[in-house]
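Read-outs: derived from the displayed coordinates by stated rules, not from any lab. Please read these numbers as outputs of a predicted model, since none were measured by experiment. With ideal geometry, Cβ positions are generated from the backbone for all residues, glycine too; neighbour counts draw on all protein chains shown.
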Amino acid sequence: MAVSTRLVSEQAALKSVGVQQAALDLAQAMPRLALEARQVAATAMHGLHGRRRAGQGENFWQFRHFASGEAASSVDWRRSARGDALYVREHEWDAAQTLWLWVDRSASMNLASSLAQTSKIERALMLCLALADLLVRGGERVGLIGVVRPSSQRAIIQKLALAMMTAKEEPSGLPDRIALAPRSEAILIGDFLGEPETLAATIGALASRGARGHLLVIADPVEETFPFAGRTELIDPESGGKFLAARAQDIRQAYETRLAAHRDAVRAVARRFGWSMTLHRTDRPASQAVLAVHPLLQQGAR
């Protein structure tokens, strides 16, 4: 019993050292990630979300017939000159959205194979900061689920970077199950390799008051292609469990089939709540992910 107790104690100490080292590595990488985030954000222009209704704004919405009792100054005389009726020019209502971001910082996100440009966690954090910068430039309010309240400060990258360096990690790889405000949107960034029904329970809580959302799935190329052959030992970064394959190439097809089924299940969970899912690989430019998610946010504003 004493040996067993000591072993558990040593394992806990090693895990604590690992967590501290991960936090230190994150702190050292954050300035570089913030700079990369600004560069990626500069590749897209977000602008204001049109709400597809008349109101205060700069963009033309539609012409409508002049109503009795309205001020003559509201008449668009150029349009009215084309016929016998009087018309009023209406503008589209512009308003700030509230968007909530979240990044998975569990152990599986530390994967960085030789085929990737960076680790999954660094890519996820950088994309989070890039999207935040892009959204705030467009007049939106951005926060971190369970960590930072929504803000439209131009220094949003610095604010979120500091918050993420000190925020607690969720071992489940999912955010807290809190109900987001109606008409807000969430962007969850992670690998989502856990059980789909656990993910469904989390999204169900977040969306319980009508919030929309998007899953940005981050994957290392080796997870997608399984390029292994021969005697290969596979290690679960979450549990530490090991699996030894004598001929890794013999299980490639089964692995690909199971991964595809898992991706389909995650996509089905997102669809169940009216959310979207986008897959991004870390061997591809980060700007691809931003440009893929960007139009989905525009659609949500309508």
Item to check | Phi-based couplings in Hz for region 139-147 (Karplus 6.51, -1.76, 1.60; Gly and Pro marked x) | outcome: x, 8, 10, 10, x, 10, 4, x, 10
Checklist entry - Around residue 219, which amide H atoms from residues at least 5 apart in sequence, or from another chain, sit under 5 Å from its own amide H, with H modelled in the peptide plane? => result 280, 281, 282
Next on the checklist: What number does region 139-292 give for Rg over Rh if you use C-alpha atoms and the Kirkwood radius?
Outcome noted: 1.01
Item to check | Mean separation of Cα contacts under 8 Å, 6 or more apart, over the residue count of region 211-270: relative contact order % | outcome: 31 percent
Checklist outcome for this item: Partner aspartates and glutamates whose C-alpha sits under 13 Å from that of residue 168, ignoring same-chain residues fewer than 8 away, are 104, 176
Checklist entry - One-quarter of the Cα convex hull surface for region 108-179, in nm²? => result 5.6 nm²
Checklist entry - Can you pull the percent of Cα pairs in region 169-258 with separation above 19 Å? => result 53 percent
Item to check | Cα gyration tensor category, rounded, prolate or oblate, for region 107-146 with a/c compared to 1.5 | outcome: oblate
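Going by a ≥ b ≥ c, the root eigenvalues of the Cα gyration tensor, does region 139-205 fall in the rounded group (a/c under 1.5), the prolate group (a/b larger than b/c) or the oblate group?
Values: a/c = 2.46, a/b = 1.48, b/c = 1.66.
Oblate, since a/c reaches 1.5 and b/c is not below a/b.
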Checklist entry - Peptides 165-173, 69-77: what's the order by average Cβ count within 10 Å, highest mean first? => result 165-173, 69-77
